[in-house]
Amino acid sequence: MIPESFEYHVPKTVDEAARMAAEFADDGKVLAGGHSLIPMMKLRLASPKHLIDLGRVEGLKYIREADGKIEIGALTTHFQAEYATLLKEKCPLLPETARAIGDVQVRNKGTIGGSLAHADPAADWPAAALALDAELKTVSTSGERWIPVSEFFVDLLTTSMNPGEILTAIRFPALPVRSGDAYAKHAHPASGFAVVGVAARVTLDEKGIVEKARVGVTGVSSKAYRASSVEAAITGKAPSSKNLDTASLHAVDGIDLNGDLYASAEYRGHLAKVYTARALALAVERAGGK
Amino acid sequence: MKIGIKINGKWHENDVEPRLLLVHYLRDVASLTGTHIGCESSLCGACTVLLNGDAVKSCTVLAVQADGAEVTTIEGLARDGNLHPLQQGFWEEHGLQCGFCTPGMIMSACQLLARNPHPSRGEIREGIEGNLCRCTGYQHIVKAVEWAAEHSGK
């Protein structure tokens, strides 16, 4: 399997990359780790005429804390996120999500920015980004902007980034007090992609009642989504397993479910509810609740 | 496009098409056929090599992405005619049957032992999660990696 021919461009700076992205906005693609794009190019599902490789751009590989938020450079690999001490302490959903991706080799090369920009409906990062109300920074020749994740995923493999825009960083709120994060995933046994993946962050109040819940779901539909009905159903309630299970029954409310040879739409919907309950229960436990 | 890659300590310079995959570069241009092509879709791990020390699936890396990098393949492990402890471990513990997955399996195990010199059996299984073997049922491979961990640095 060999990709179609393309012209290869190697920018050294973000500005240079943005100029190239503008010049080749119609028939170019941006390459990060390549673990989503190169397989698609080999299958000729993508055949860009120009490939802009960000691999040599300085300053896009970092994990840092600023103003109570965690900012991650788009070229940070899944492996780096998996083992970052700062993330384990301040934003544990991210290493837990990273660890669930593919395998060792894929995590060594694949990047968080590449995965989010690709918007695969079965990728893991979108669930975490949604559960954490992430913001995504893009750069183009007309400047930079932060896109709230709620406006980022548009449809299958489609984001709200404009042609010529490059994703350069993602920002996440750190774990607040009395809060817990969890990612529960049913991986496809062959590909490792999420048949269902549910990311949750739960904050309890001083009495142990659910003050805030955020649930991101991937693998289930044409794009990852926030299970707002689940969040509404559990907020203000005691986090008993009965309440968590009841709230989780809303995991696929209003969602057009995917079905395939491995998991029918009906089965996927069932899995989504089960894994939502598991993610919530684990997040509550980690938040210090029962 | 002109690229230079240091493979197993030796520089290779070639003019290649940007679409050439690293695995094809290694096998067809550098004539190092120890790295195998299996599924061609970054699932089976047969094509695993070390790229600047990180295990990667060379079917999912463009040769041009590796320009200036150091690559280690299965051919680069033995020293002065002596097998690498992992190679010896696969011999001692019968870690292969048909041998097709073995080069990739050993390169992944190399990465594992570099990061974690004394892994548990569970950690070994996690370390080779990206490599498929259709013969052994993995048990002998796990033992082979254990053997190598015990005999490394001796």
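The values are calculated or read from the model by the stated rules, or taken from the named source; none is laboratory data. All figures in this text were calculated on a predicted structure; none of them were measured in a lab. Neighbour counts are summed over all protein chains in view; Cβ atoms, including those assigned to glycine, are modelled from backbone coordinates with ideal geometry. Please note that ligands, DNA and RNA were not included when accessible areas were found on the heavy atoms of the full protein model with its side chains. Shrake-Rupley method; radii C 1.70, N 1.55, O 1.52, S 1.80 Å.
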Got at least one residue in the range B:91-104 being within 13 Å of chain A (Cβ to nearest Cβ), without any contact (Cβ under 8 Å) to a residue 24 or more places away in the chain and either over 29 Å from A:V10 (Cβ atoms) or buried (at least 22 other Cβ atoms within 10 Å of the Cβ) (or both)?
no
Subset tally (residues that are surrounded by fewer than 22 Cβ atoms within 10 Å (Cβ to Cβ) and touching a residue at least 24 places away in the same chain (Cβ under 8 Å)) for the range A:38-52:
7
Pull out all pairs, ordered by first then second residue, where Cβ-Cβ is under 9 Å, the residues are six or more apart or on different chains, the first lies in the range B:109-134 and is away from chain A (no Cβ under 12 Å) and under 20 Å from B:A46 (Cβ atoms), and the second is among the aliphatic types (A, V, I, L, M) and assigned to a helix (DSSP H, G or I).
B:L113/B:L86; B:L113/B:V145; B:L113/B:A148; B:L113/B:A149; B:C133/B:M105; B:C133/B:I141
Residue check for A:K12: away from chain B (no Cβ under 11 Å), open to solvent by 30 Å² or more (accessible area, probe 1.4 Å), within 30 Å of A:Y83 (Cα to Cα) and in contact (Cβ under 8 Å) with a residue 24 or more places away in the chain:
yes
Just a yes or no: is a residue in the range A:85-106 over 17 Å from A:A174 (Cβ atoms) and away from every other protein chain (no Cβ under 12 Å)?
no
Filter the range B:54-81 for residues that are open to solvent by 20 Å² or more (accessible area, probe 1.4 Å), in contact with a helix residue (DSSP H, G or I) (Cβ under 8 Å, 6 or more places away or on another chain) and away from every other protein chain (no Cβ under 14 Å) and give the result.
B:I74, B:A78
Has the range A:67-78 got any residue that is facing another protein chain (nearest Cβ under 10 Å), outside any helix (DSSP H, G or I) and either among the aromatic types (F, W, Y) or over 21 Å from the mean Cα position of the chain (by Cα) (or both)?
no
Condition first: crowded, with 24+ Cβ neighbours inside 10 Å, within 24 Å of A:T77 (Cβ to Cβ) and not aromatic (F, W, Y). Can you find one or more residues in the range A:225-244 that meet it?
no
Condition met for B:C39 (within 14 Å of chain A (Cβ to nearest Cβ) and either modelled with pLDDT of 95 or more or open to solvent by 20 Å² or more (accessible area, probe 1.4 Å) (or both)):
yes
Could you pull out every one of the strands (runs of 3 or more DSSP E) wholly within the range A:79-164 that has 2 or more residues that are in contact with a strand residue (DSSP E or B) (Cβ under 9 Å, 6 or more places away or on another chain) and free of Cβ contacts under 8 Å to residues at least 60 places away in the same chain?
A:135-140, A:143-148
Failed item in (1) over 18 Å from A:A224 (Cα atoms); (2) under 13 Å from the mean Cα position of the chain (by Cα); (3) not in a strand (DSSP E or B), with A:A169 passing the rest
(3)
